[in-house]
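See structure below.
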Amino acid sequence: MQIVFGAPSQLVSTEKFLMPYVLEGEVRTYNQTMLDHFDVRSRAIFLCVQAETAVWRFFDWRTLATGPLDGEALAKLIEPLF
């Protein structure tokens, strides 16, 4: 599993995700078999801010699924690797 993130071009952005976010990035999962078949799974991640709270959310470009990026979501991403 590889997690990368960085700041968007503006302090707070909605360019790539409808909720305002201050960090954007990607979670990628792969193993050697997946690499052999060019199958790297990727989800966009955003640190969304609302009022005085902040929460990491994911967005899957293939299925258009979105939700909180919590331990359960990360476990589901790791599951196919084993």
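Worth a mention:
- Only one of R28, R43, R57, R62 that is in contact with a Gly (Cβ under 7 Å, 6 or more places away or on another chain) and not polar (S, T, N, Q): R57
- Any hit, segment 44-53, residues being part of a loop (DSSP other than H, G, I, E, B), out of contact with any Asp or Glu (no Cβ under 8 Å at 6 or more places or on another chain), of a type outside the set (A, V, I, L, M) and within 21 Å of A73 (Cα to Cα): no
- Among the residues listed as R28, R41, the single one being among the basic types (K, R) and modelled with pLDDT of 85 or more: R28
- Positions within segment 28-82 being in contact (Cβ under 8 Å) with a residue 40 or more places away in the chain, under 24 Å from T14 (Cβ atoms) and of a type in the set (A, V, I, L, M, F, W, C), in sequence order: I45, L47, F59, L69
- In segment 32-60, the residues that are under 10 Å from the mean Cα position of the chain (by Cα) and either on the phi > 0 side of the Ramachandran plot or not polar (S, T, N, Q) (or both): R43, A44, I45, F46, L47, W56, R57, F58, F59, D60
- Restricting F17, F5, F58 to those that are in a loop (DSSP other than H, G, I, E, B) and at pLDDT below 95 reduces the list to F17.
- In segment 1-41, the qualifying residues are those that are acidic (D, E) and surrounded by 13 or more Cβ atoms within 10 Å (Cβ to Cβ), and the one that is farthest from A75 (Cα to Cα) is E24.
The values are calculated or read from the model by the stated rules, or taken from the named source; none is laboratory data. Since the structure is predicted, the reported quantities are computational estimates derived from the model, not experimental observations. Note that we place each Cβ from the backbone using ideal geometry, even for glycine, and neighbour counts take in every protein chain shown.
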